[in-house]
Amino acid sequence: MNKIYWTIGIIFTLALLGGLYAFVKLNMPAATPSTQNVGTTSTGGITSNPSTVVVPGTSQPGTQTGSAFVVASQSSGSVEVQDFTKDPDTKTSPNIPGAYFLAGGLDPVETGATFSIMYVESDKSFTISLLQEPLGEVRRQAEASLLKKLNISEAAACNLLYTVLVPVRVNEYYAGKNLKFSFCPGAEALQ
């Protein structure tokens, strides 16, 4: 029974993301090629700049550039992140082609995960599902996990094409709303 709810939730999420992506794409202002630096990070003594917003013409979302991966941005560019597709903890499913599960596994309800993070290759977006209360704490855990996995700053994370959702079974009030990351403008205040 839980697998049916999970499957329905994923289908709903993918449809919602497709609509959100189409809305964002249709309402984006045109841009000239340039690069905007949003922050530099350092990992293990290797300095990199994975939070660079790459504007069209330089890299296409979903492409790899060395150990980096380029994903869609809410603005007219892209965000370069650490290549999570090669991470041994990232899972894929033959039932959902082009979906990468960065956290929570393929069936987070079965594993008892508090959140799940999924990347959808078709629209280059992330869906973060908060699967338990307290939502504020679970969202902070999911944010920390994603920032670490992508090796990006909070400013770069706010520029990702993403949605933070809560299933109806967890919280009816917040279900269907994009709660956003707690550190981004327009975020829903959670306890």
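The values are calculated or read from the model by the stated rules, or taken from the named source; none is laboratory data. Quick caveat: nothing in here was measured; it's all calculated off a predicted structure. Glycine gets a Cβ as well: all are built from the backbone with ideal geometry, and neighbour counts include every protein chain shown.
Evaluated against (1) surrounded by fewer than 20 Cβ atoms within 10 Å (Cβ to Cβ); (2) under 15 Å from the mean Cα position of the chain (by Cα); (3) free of Cβ contacts under 8 Å to residues at least 60 places away in the same chain, Gln74 falls short on exactly one condition, (3). When Asn171 is tested against the conditions (1) within 21 Å of Asp89 (Cα to Cα); (2) in contact with a strand residue (DSSP E or B) (Cβ under 9 Å, 6 or more places away or on another chain), the lone failure is (1).
The selection criterion, being of a type in the set (Asp, Glu), surrounded by 20 or more Cβ atoms within 10 Å (Cβ to Cβ), in contact with a Phe, Trp or Tyr (Cβ under 9 Å, 6 or more places away or on another chain) and at pLDDT below 95, does not hold for Asp107. Taking the stretch 94-186 and the helices (runs of 4 or more DSSP H) fully enclosed by it, the elements with 1 or more residues that are among the β-branched types (Val, Ile, Thr) are at 108-111, 135-150. The set of residues in the stretch 132-150 that are in contact with a strand residue (DSSP E or B) (Cβ under 9 Å, 6 or more places away or on another chain), within 12 Å of Asn171 (Cβ to Cβ) and surrounded by 21 or more Cβ atoms within 10 Å (Cβ to Cβ) comprises Val138, Arg139. Just so you know, in the stretch 92-137 the residues that are under 13 Å from the mean Cα position of the chain (by Cα) and β-branched (Val, Ile, Thr) include one that is farthest from Ala189 (Cα to Cα), and it is Val120.
The set of residues in the stretch 154-171 that are closer than 23 Å to Lys86 by Cα and surrounded by fewer than 17 Cβ atoms within 10 Å (Cβ to Cβ) contains only Glu154. I need the full set of residues from the stretch 67-93 which are of a type in the set (Gly, Ala, Ser), part of a loop (DSSP other than H, G, I, E, B) and in contact with a helix residue (DSSP H, G or I) (Cβ under 7 Å, 6 or more places away or on another chain), in order please. Once the filter is applied, which keeps residues that are of a type in the set (Gly, Ala, Ser), part of a loop (DSSP other than H, G, I, E, B) and in contact with a helix residue (DSSP H, G or I) (Cβ under 7 Å, 6 or more places away or on another chain), the stretch 67-93 yields only Ser75.
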